[in-house]
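*Asks:* Pasting in a structure now, in structure tokens, and then I'll have a few things to ask.
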Amino acid sequence: MKTQSTLRIGYWLSLLSLFLGLAYFGIVIAGLASGHFPPIGWLQALLNAVILISLPVLVLLWVFVHQATPVEKQAFSLGSLLLMVILATVSSINRYNALTVVPQAAAMGVSEGLEWFLPYGWPSVMAAMEVLGFGFYYSLACLCMAPAFGGNKLEKAIFWTLIADGGLSFFGVLSQVLNSIPLTLLAVLAWGPGTILLTVLWALWFKKQQTTSSTRGQTSL
């Protein structure tokens with residue numbers, strides 16, 4: 001049910017997701033500036049922490065987008081939300097592993113088999129899980145959510161951003177299937193600038209609905 005409370009919380013979740021998205025993109029840029037992609041050392045640890053925090057925020061944001069979506073289009077938003085839950089589950093395992101198992105194993109001098117648990121290196125089970133989440137399920141989540149939008153100019157902008165993010169994210173999957181890691185850079189456009197743009201548009205969408213709902217309430221009085 002779409003209420004002022006739902007719209008207000010959705011708006012603030014959009015801003016929080018925007019802040020975390022900017023932090024993610026900033027860390028990636030800092031890593032590139034230092035000559036490393038992905039970042040290494042404390043920058044990689046910070047990146048893992050930011051993504052781990054971002055995941056539940058994104059899921060909650062998707063919940064409130066679903067709640068604010070017109071009833072006749074909620075089949076799309078609900079399907080997208082379920083796909084985001086899978087994404088968050090898969091990616092959380094990788095990021096928590098990267099913050100705990102990997103550094104502690106290295107500190108203990110345990111190296112045998114550790115390459116399978118690295119969050120980036122290739123081949124790595126954890127890196128595969130990450131791209132399964134952000135490359136496959138995020139792509140499907142965006143493409144599934146897109147039909148829920150498309151009314152006014154703002155919603156059309158959200159629609160095309162979701163389509164672009166969904167398409168670009170899938171390059172992450174192709175990069176691993178074809179063993180062509182440079183293709184991952186195309187997916188990063190979706191995971192960084194694309195997600196940032198989407199959260200900005202959703203913040204504007206929630207704010208516009210708040211204003212419209214408030215105006216209608218005053219008119220009815």
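Readers should treat all values here as calculations from the given coordinates under stated rules, not as data from a laboratory. In this text the structure is predicted, and so the values were computed from the model without any measurement. Here the Cβ is made from the backbone with ideal geometry for all residues, glycine too, and neighbour counts use every protein chain on show.
*Asks:* On a full-extension model of 0.36 nm per residue, what is the gain between I163 and V177, subtracting their alpha-carbon distance, rounded to one decimal in nm?
*Replies:* Between I163 and V177, full extension yields an extra 2.9 nm.
*Asks:* Using the 10 angstrom Cβ neighbour count as an exposure proxy, how do K153, K207 rank, fewest first?
*Replies:* Numbers: K153 7, K207 16.
Arranged by neighbour count, lowest to highest, K153, K207 become K153, K207.
*Asks:* For L174, L132, what ranking results if the residue with the fewest other Cβ atoms within 10 Å of its Cβ goes first? Let's see the in-between values first.
*Replies:* Details: L174 15, L132 19.
Neighbour counts put them in this order, fewest first: L174, L132.
*Asks:* Of the lysine pairs in the chain, how many meet both conditions: Cα atoms under 14 Å apart, and a spacing of 8 or more in sequence or different chains?
*Replies:* Number of lysine pairs found: 4.
*Asks:* Work out the charge dipole of the chain with +1 on the Cβ of Lys and Arg and -1 on the Cβ of Asp and Glu about the Cα centre, then indicate which of S91, I196, G133 is farthest towards its positive end.
*Replies:* The residue sitting farthest along the positive end of the dipole is I196.
*Asks:* Please report, to two decimal places, log10 I(q)/I(0) for the stretch 6-126 at q = 0.10, 0.12, 0.20 Å⁻¹ as given by the Debye formula with identical point scatterers on the Cα atoms and no solvent.
*Replies:* Debye output, listed in q order: -0.40, -0.55, -1.10.
*Asks:* If you don't mind, another one. Once Lys and Arg get +1 and Asp and Glu get -1 on their Cβ, which of P182, W62, L154 lies farthest toward the positive end of the dipole of the stretch 4-220?
*Replies:* Of the candidates, L154 comes out farthest on the positive side.
*Asks:* Another question, if that's okay. Please report, in debye to the nearest 20, how large the charge dipole of the chain is about its Cα centre when each Lys and Arg carries +1 at its beta carbon and each Asp and Glu carries -1 there.
*Replies:* On the way: 9 positive and 6 negative charges, 189 e Å.
Magnitude of the dipole: close to 900 debye.
*Asks:* Need the full-extension length gain, L22 to K156, defined as separation in residues times 0.36 nm minus the C-alpha distance. One decimal, nm.
*Replies:* 45.9 nm
*Asks:* Among the complete DSSP H segments of the chain, which ones combine at least 15 Å of alpha-carbon extent along their axis with a mean Kyte-Doolittle hydropathy of 1.0 or more?
*Replies:* Those that pass (Cα extent of 15 Å or more, hydropathy at least 1.0) are 4-33, 42-68, 74-99.
*Asks:* Could you work out, for the chain, what percent of all Cα-Cα pairs fall into each 5 Å distance bin, beginning at 0 Å and stopping at the bin that holds the largest distance?
*Replies:* For the chain, the binned pair fractions read 1, 7, 13, 19, 19, 14, 10, 7, 4, 3, 1, 1, 0, 0, 0 percent.
*Asks:* Let me ask something additional. Say each of T211 and W122 gets a label point 7 Å from the Cα, pointing the same way as Cα to Cβ; how far apart are those two points in nm?
*Replies:* Rounded to a tenth, the inter-label distance reads 4.5 nm.
*Asks:* Which FRET efficiency value, to the nearest 0.05, do you get for A107 and L185 by plugging their Cβ-Cβ distance into 1/(1 + (r/R0)^6) with R0 = 41 Å?
*Replies:* According to the calculation, E is roughly 0.85.
*Asks:* Ordered by residue, what ³J(HN,Hα) values in Hz, to whole numbers, does the stretch 114-124 give under the Karplus form 6.51 cos²θ - 1.76 cosθ + 1.60, where θ = phi - 60° and Gly and Pro are x?
*Replies:* For the stretch 114-124, the Karplus curve yields 5, 4, 6, 10, 5, x, 10, x, 9, x, 8 Hz.
*Asks:* Using Cβ contacts closer than 10 Å as the measure, can you line up V101, V28, V65 from fewest to most? The partial results should precede the final answer.
*Replies:* On the way: V101 14, V28 18, V65 24.
Exposure proxy ranking, most exposed first: V101, V28, V65.
*Asks:* How high is the relative contact order of the chain, in percent, with contacts defined as C-alpha pairs under 8 Å that are six or more residues apart?
*Replies:* On the way: 297 pairs, mean separation 52.2, N = 221.
Once divided by the residue count of the chain, the mean separation gives 24 percent.
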